[in-house]
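What follows is one structure encoded as structure tokens, with my remarks underneath.
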Amino acid sequence: MEKQRTVYAGFDPTADSLHVGHLMAMMILRRFQQAGHRPIAVVGGATGMIGDPSGKSEERNLLSLDALQANIDGMEPQLRRFLDFDCGPNSAVLVNNYEWLGRFGYLEFLRDIGKHVPVNVMLAKDSVRGRLERDDVGLSYTEFSYMLMQAYDFVHLYERFGCELQVGGSDQWGNITAGIDLARRLSGVQLYGCTCPLLTRSDGTKMGKTESGAIWLSAERTSPYQFHQYWINLDDADVGRCLRFFTDLGQEEIDSLLAEHQSDPGRRAAQRRLAVELTRMVHGEDGLRSAERATEVFFGAEIRELDDAQLAGIFADVPSKELPRAKLDGGLSIIDALVLSGLCKNKSEARRIITQGGAYVNNRRMEGIETTLDQNHLAGETTMILRAGKKKYALLRFV
RNA sequence: GGGGGGUUUCCCGAGCGGUCAAAGGGGUCAGACUGUAAAUCUGAUGGACAUGUCCUUCGAAGGUUCGAAUCCUUCACCCCCCA
């Protein structure tokens, strides 16, 4: 593409933060921008009110206008980290489709848009067929109409910005082609679509999903440390693809990283670099630093010589419990400490953990269920760091 | 309407009067080995105090018995077959 083009991707505001599943679309827009083209990020203030049935097995709950706006407000700064909104002619553009869809009257929409879309085409879309074939869930007229709105978005963006290309995950194929068809019927122009496969991990699970939920881009939902850890722990088989898709590193650099990883997998140079690049991109230098500092402590030796303030920063994610200082005076049994901290749900479990060698105070293994804790076990002025197993931490603060 | 089968600890699933807190598998948790991985191996897996006892648990409620997850009665739910 020698001349500057305009390309768009849509983001539905279903939550107040984007997550790892949105990285692909954002990176594609970013690449286009780096190549001199103009990206448009559309947040679906209107479509989000309806709910996209694509890839969804069940009818969605409707969100209130206020909730949608709050979600959009949360997503916007995240998009800004990936796209440059102030760089001259190819500055990124952020628009909300409520601007144009919200104004439509029902009759007007039916006459101007609906008239040009054959129902048999709509029915043939995978997103619709999949839902109709199931007999345990239905598909409301509302969700059925979703694709018309997204189709019109494309037409609108073409008219207003000259946008000719829409990108998205492969689940968006039906919606994108609906837009292309609509543009052709309405004004005879040829628009284009491009989808990328939904990234799955080698174990078949969706990228960015863990047992405990999605990996979010907002620090409130997923701390920089947890975000960083997600990439550190990524399977070897997935790390190459992620480096290519999600970082700005060049092909040569990625190849050499992978070669390095190949020759010494134990160092996980590739995962570490991926974690660094992505954490910096999403959380900035400060976020990256705090994640790395926490990593050092979490996977380091015995914790000592740190003050409460440092500990509070490093263990920001870790649940903590305040206890009266007096508890320590007579000595606090390690069993009680584990239960009080919430690491163990009862004393039997605490005994088990200790007996099996999984109980740590300040990263130092505690042997024997008779152990009692006192002032000497504090890591800071008032803080004691308990750990059950490899990675499960809790703080006790004696005030 | 008639007949039969089922409901067990997080899940699946054995147990069919005492030796049952209940086999086995899965999951989960811990440990070892590792690369904060995978695979593998070991151990743990109702609770309370304590290393042995007590308390709660086998759909629900009653009953028989020295003693029941196991037998009987009623109820609830599920499945199958014949009408």
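The numbers here are math on the coordinates, done by the rules we state, and not lab data. Everything numeric here is computed off the predicted structure, so don't read it as measured data. Cβ placement follows ideal geometry from the backbone for every residue including glycine, while neighbour counts extend to all protein chains displayed.
Some points to look at:
- Nonlocal amide H pairs with A:M366, under 5 Å, H built at 1.01 Å: A:A359, A:Y360, A:V361
- Listed peptides A:110-120, A:369-379 by packing density, highest first (mean Cβ within 10 Å): A:369-379, A:110-120
- In summary, the aspartates and glutamates within cross-link reach of A:K125, defined as a Cα separation below 19 angstrom excluding same-chain residues under 8 places away, comprise A:D52, A:E58, A:E59, A:E133, A:D135, A:E143, A:D153, A:D171, A:D181.
- Distant-in-sequence amide H partners of A:L323 (H built 1.01 Å from N, under 5 Å): A:R397, A:F398, A:V399
- Residues in the stretch A:210-239 that a label on A:T200 would reach, taking backbone N under 20 Å of a point 7 Å out along Cα→Cβ: A:210-215, A:234-239
- For chain A, the share of DSSP beta bridges that are antiparallel, to the nearest 5, is 45%.
- Cα-based reach from A:K206 at 21 Å (exclusive), listing lysines while leaving out same-chain residues under 8 positions away: A:K56
- For A:V318, no residue 5 or more places off, or on another chain, has a built amide H under 5 Å of its own.
- Contact order normalised by residue count of chain A, Cα under 8 Å, 6+ apart, percent: 13
- Relative contact order computed over the stretch A:137-233 (Cα-Cα under 8 Å; 6+ residues apart), in percent: 21
- Aspartates and glutamates with Cα under 17 Å of A:K391, excluding same-chain neighbours fewer than 8 positions away: A:E211, A:E292, A:E296, A:E302, A:D317, A:E349
- Computed helical MRE - 222 nm, chain A, DSSP H runs ≥ 4 contributing -39500 (n - 2.57), nearest 500: -13500 deg cm²/dmol
- Residue exposure proxy: A:W216, A:W100, ordered by other Cβ atoms within 10 angstrom of their Cβ from fewest to most, comes out as A:W100, A:W216.
- Couplings 3J(HN,Hα) for the stretch A:20-34, derived from phi with the Karplus relation 6.51 cos²θ - 1.76 cosθ + 1.60 (θ = phi - 60°), are 4, x, 8, 4, 4, 4, 5, 5, 5, 4, 4, 4, 4, 5, 4 Hz, where x marks Gly and Pro.
- Compared with the direct C-alpha span, the chain from A:S187 to A:Q34 gains 52.0 nm at full extension, assuming 0.36 nm per residue.
- In order through the stretch A:103-119: 3J(HN,Hα) via Karplus (6.51 cos²θ - 1.76 cosθ + 1.60), integer Hz, x for Gly, Pro: 8, 5, x, 4, 4, 4, 5, 5, 6, 7, 10, x, 4, 9, 10, x, 5
- Virtual spin-label span in nm between A:F299 and A:A316, 7 Å along Cα→Cβ: 2.0
- Ranked by how many other Cβ atoms sit within 10 Å of their own Cβ, fewest first, the residues A:W231, A:W173 fall in the order A:W173, A:W231.
- Take the Cβ atoms of A:E367 and A:F104, set R0 to 51 Å, and the FRET efficiency comes out at 0.15.
- Alpha-carbon centroids, the stretch A:314-345 and the stretch A:1-29: separation in whole Å: 45
- Peptide packing: for A:351-359, A:267-275, the average count of neighbouring Cβ atoms within 10 Å per residue gives the ranking A:267-275, A:351-359, highest mean first.
- Table column - 3J(HN,Hα) (Hz), the stretch A:379-393, Karplus curve with 6.51, -1.76, 1.60, x for Gly and Pro: 8, x, 5, 10, 10, 10, 10, 9, 9, 10, x, 6, 10, 8, 10
- Span from the the stretch A:206-274 Cα centroid across to the the stretch A:139-194 one, whole angstrom: 33
- Evaluated with a Cβ-only charge set (Lys, Arg +1; Asp, Glu -1), chain A carries a dipole of roughly 440 debye about its Cα centre, given to the nearest 20.
- GNM top mover of A:A301, A:A214, A:A388 - chain A, alpha-carbon springs below 10 Å: A:A301
- Cα lying deepest toward the dipole's positive end in chain A, options A:L378, A:M281, A:G130, charges on Cβ: A:G130
- Contact order for the stretch A:177-273, expressed relative to its length and based on alpha carbon pairs under 8 Å spaced 6+ residues apart, stands at 17 percent.
- Dipole of the stretch A:68-118 [Lys/Arg +1, Asp/Glu -1 at C-beta], most positive-end residue of A:P77, A:F109, A:V93: A:F109
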